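A quick write-up on the structure given underneath.
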Amino acid sequence: MVMLLQLRSRLLTARIPAARIYTPRSAYGSFILFNLFSASSSKAPMSVQEIVDNAIDSHKITIFSKSWCPYCKKTKALFAAEFPDEEPYVLEIDLRDDEEAIQDYLQSKTGQRSVPNVFVNKTQVGGNDKTQAAFKEGKLQKLVNQ
Ligand SMILES: N[C@@H](CCC(=O)N[C@@H](CS)C(=O)NCC(=O)O)C(=O)O
């Protein structure tokens, strides 16, 4: 064991300038390295527009919802009952601090400020009334399966 420790200490003190790798031996060293790496890989936060558009573009079914909203509950129940194999992406906007901004953007994008606001394959279906009607008419199934 003593020999191993002596060997380790020799290796650590050996001078190989060109190949020297900085290994932090203190919490402060780790802190500096962490900040260097996180600073170089940090990204700008997404705008509300990007959050909404990314959600719609990257999911087959997106529901902008409020967790307490009875219409939203009906819409989520419809998808759960009639499309059990699908997993809608549900954004409960009342649980976020950009709730108002998301509604403002949805209003400008779709003319609808209320929730639920349902999108299937990037097409806006509408609120709960329109979504239930689309299902009764067979249009929702076509959109989901397109
Ligand atoms: N008829 C609409 C009713 C939707 C509705 O009134 N939603 C309420 C929440 S339960 C809403 O968004 N109110 C405006 C707001 O919360 O800003 C539908 O079928 O979706």
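No value in this document is a laboratory result; all are computed from the given coordinates. All values derive from a computational prediction rather than experimental measurement. A quick note on method: Cβ atoms are made from the backbone with ideal geometry, for glycine too, and the neighbour counts reach across all protein chains shown.
Net charge near Asp57, counting Lys/Arg +1 and Asp/Glu -1 over other residues with Cβ under 13 Å of its Cβ?
Overall, the nearby charge balance is +1.
What is the sum of charges, Lys and Arg at +1 and Asp and Glu at -1, for the other residues whose Cβ falls under 12 Å from the Cβ of Lys122?
In short, 0.
When you have a sec, figure out the Kirkwood radius of the range 40-144 from all distinct Cα pair distances and drop it here in Å to one decimal?
One over the average 1/r among Cα pairs gives 14.1 Å for the range 40-144.
What is the local net charge at Lys66, summed over the other residues whose Cβ is closer than 9 Å to its Cβ (Lys, Arg +1; Asp, Glu -1)?
Net of charged neighbours comes to -3.
Spelling out what I want: for every residue of the range 84-100, take phi, set θ = phi - 60°, compute 6.51 cos²θ - 1.76 cosθ + 1.60 (Karplus), and round to whole Hz; glycine and proline get x.
x, 7, 8, 10, x, 8, 10, 9, 7, 6, 6, 8, 10, 8, 9, 3, 4
With charges only on Cβ, +1 for K and R and -1 for D and E, what is the dipole size of the range 40-144 about its Cα centre, in debye, rounded to 20?
380 debye
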